[in-house]
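Here is the structure we will look at, set down as structure tokens.
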Amino acid sequence: MNRLFPALADPTDGPALQFPDGTVTYRELAALASDLGARVVGRSRIAVWATPTLAAATGITAGLLAGVPVVPVNPKAGERELAHIVANSAPELVLTAPGVELPAAIAGLPRIDVDVAARPDPQPLPAEPPADAPALVVYTSGTTGPPKGAVLSRGAVAADLDALADAWAWTGADRLAHALPIFHVHGLVLGTLGPLRRGGSLHHLGAIDGQTLAAAVADGATMVFGVPTHYHRLAADFEADPEAGRTVGGTRLLISGSAALTAVDHARIEKATGIAVRERYGLTETLILTAARADEEPEVGTVGRPLANTEVRLAPLPAVEGEQPDGADSGLGAVEVRGPQLFSGYLDLPEASAASRTDDGWFRTGDIGRWTDSGLLALVGRQATDLIKSGGYKIGAGEIENALLEHPAVAEVAVVGVPDPDLGEKIVAHVVPAGEAPEARELVDHVAALLSPHKRPREVRFVESLPRNAMGKVQKKLL
Ligand code: MLC
Ligand code: AMP
């Protein structure tokens, strides 16, 4: 296949990556990543401790240059989650920024500290692996069980980034600004590998607020990526500091994804910046599927058109017992997709991989959508109530319930997502205590330490019993 990063094969002195811990040009990155790549070449898989740092981004780039599949690890993963990821993906070593104290679950692996201040000689790049060779294993939650490792091929990454380049007229002249985590598709594939594939640059802000973003745009950022929670908070910042909003209006594109942006926040951002936010839609397993194009005015409430070479269809919704079928005449359907950007399968989970597709090979997204008159996709919800999107993170209710049930003070529990203006949905745990109710804080910290801080309940409600149907199943809709 063609090179994943042509700009690293023939590097210039143009800017590549800027993170809070450092900045590199393409020439510097090519030398750092090829030198590091030469040290990992031939490994079956490597983990990268994916802090939002130049060191971690360089480590991921090095693995990809060397043709070695990379597992980006959430540096805040709790002990259970981290142990699962390490056992499931079996990386041969871990790359990290220097000075990091790794938790026990991963500290046993051989470790390479990435020194971004070094200026090594560039090493020859190995031949590019074929398009179906794995590039990344990205962990994502399902309704139940531990997170699954989605295997994304080099060809899938390249195809998706090229289709987005077409949708957004994204070129090597663009400078992208964001503050997304780099262990998920949004901040990693789109937000880090995207600029590198185009030969443009990334300004990773570490954390985002109105003034930081305004400074980045004044410094040349032409595109901004964020989850709706970022835009919600930016809207408030711009209302307090209109000058920051006007400065951010100097950028070319504001793009939101990973969850739905409310019409209210759309309007607030447009009022403050003069720019209508464009939404795009995808999943870890499918990468990005649809996007509001740069050459069209975005329609609020839609996620744009299918990308080039991407097929999206709406299948009849399965009837839910005791409910009116709302498929046919409402135009709603289950979103199913096909395209070159789809994942290769879940790591070591052939049954889950097979179940994710229909008999005729389409991937079931689990989202419910409809087409607008202008041929754009609008998402109206999800089929599974047990999947929660909070701050743009996908979180399985069952995983949190199981973690809480391990706490001795918890007898029964039901976890739901409750609408929240800042996080989209917030995780609320309904707990029947075993004996005297514990401090809510204790349960929250228990989940954060075992799974991940972003999976912690934002609210714990102690109840005497859970509503159950005749079969004994908890009726979450009544909570
Ligand atoms: C708080 N913290 C705790 C804690 N309470 N840590 C341990 N134990 C506790 N009990 C820490 C948090 O880790 C965090 O640290 C800080 O305190 C603030 O906590 P928070 O309130 O949870 O963070 P918040 O500011 O609300 O985060 C909002 C956010 C975040 C928008 C920054 O949700 C985010 O980064 N979302 C992006 C998700 C994403 O990239 N999704 C893409 C999935 S791919 P610290 O240091 O972290 O601030 C996908 C496909 C697609 O969906 O379409 O893109
Ligand atoms: P993840 O598994 O974390 O990749 O999350 C994928 C899910 O995020 C999708 O199935 C959608 O439900 C949701 N999602 C992504 N982008 C959008 C968007 N622009 N609007 C609404 N939901 C979105």
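The values are calculated or read from the model by the stated rules, or taken from the named source; none is laboratory data. Source: prediction; values computed, not measured. Using ideal geometry, Cβ is built from the backbone for each residue, glycine included, and neighbour counts are taken over all protein chains shown.
Values for this structure:
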| read-out | value |
| --- | --- |
| Selected residue (only one of L54, L17 is under 25 Å from A77 (Cβ atoms), in contact with an Asp or Glu (Cβ under 6 Å, 6 or more places away or on another chain) and crowded, with 17+ Cβ neighbours inside 10 Å) | L54 |
| Total residues in the range 248-264, condition within 12 Å of ligand 2 (Cβ to nearest atom) and in a strand (DSSP E or B) | 2 |
| Filter result (more than 16 Å from ligand 1 (Cβ to nearest atom), in contact with a helix residue (DSSP H, G or I) (Cβ under 9 Å, 6 or more places away or on another chain) and hydrophobic (A, V, I, L, M, F, W, C)) within the range 110-153 | I112, V114, V116, A118, L125, A131, A133 |
| Selected residue [out of contact with any Asp or Glu (no Cβ under 7 Å at 6 or more places or on another chain), assigned to a strand (DSSP E or B) and either at pLDDT below 95 or within 14 Å of ligand 2 (Cβ to nearest atom) (or both)] from G322, G282, G301 | G282 |
| Count of the range 265-279 residues which are within 19 Å of the chain's Cα centre (by Cα) and not in a loop (DSSP other than H, G, I, E, B) | 2 |
| Criterion (within 18 Å of L65 (Cα to Cα) and not small (G, A, S)) met by exactly one of L164, L125 | L125 |
| Close pairs (8 angstrom Cβ cut-off, 6 or more residues apart or separate chains): within 9 Å of ligand 2 (Cβ to nearest atom) in the range 372-390, in a loop (DSSP other than H, G, I, E, B) and of a type in the set (A, V, I, L, M, F, W, C) anywhere | L379/A260; L379/V303; K389/A259 |
| So T290, is it of a type outside the set (A, V, I, L, M, F, W, C), in contact with a His (Cβ under 9 Å, 6 or more places away or on another chain) and at negative phi | no |
| Strands (runs of 3 or more DSSP E) wholly inside the range 387-457 containing at least 2 residues that are touching a strand residue (DSSP E or B) at 6+ places or on another chain (Cβ under 9 Å) and within 12 Å of ligand 1 (Cβ to nearest atom) | 387-390, 393-396, 424-433 |
| Selection count where residues are surrounded by 14 or more Cβ atoms within 10 Å (Cβ to Cβ) and either farther than 18 Å from P75 by Cβ or among the aromatic types (F, W, Y) (or both), scope the range 121-145 | 14 |
| Number of positions in the range 337-360 that are touching a Ser or Thr at 6+ places or on another chain (Cβ under 6 Å), hydroxyl-bearing (S, T, Y) and not in a loop (DSSP other than H, G, I, E, B) | 1 |
| Matching entry among R3, R27, R39 (being at pLDDT below 95 and either outside the structural domain of R175 (by TED's automatic domain parsing) or outside any strand (DSSP E or B) (or both)) | R3 |
| Tally, over the range 119-152, of residues that are at pLDDT below 95, out of contact with any Lys or Arg (no Cβ under 7 Å at 6 or more places or on another chain) and among the small types (G, A, S) | 2 |
| Residues of the range 418-449 classified as surrounded by fewer than 22 Cβ atoms within 10 Å (Cβ to Cβ) and aliphatic (A, V, I, L, M), total | 9 |
| Complete set of residues in the range 123-152 that are among the acidic types (D, E) and closer than 18 Å to R43 by Cβ | E128 |
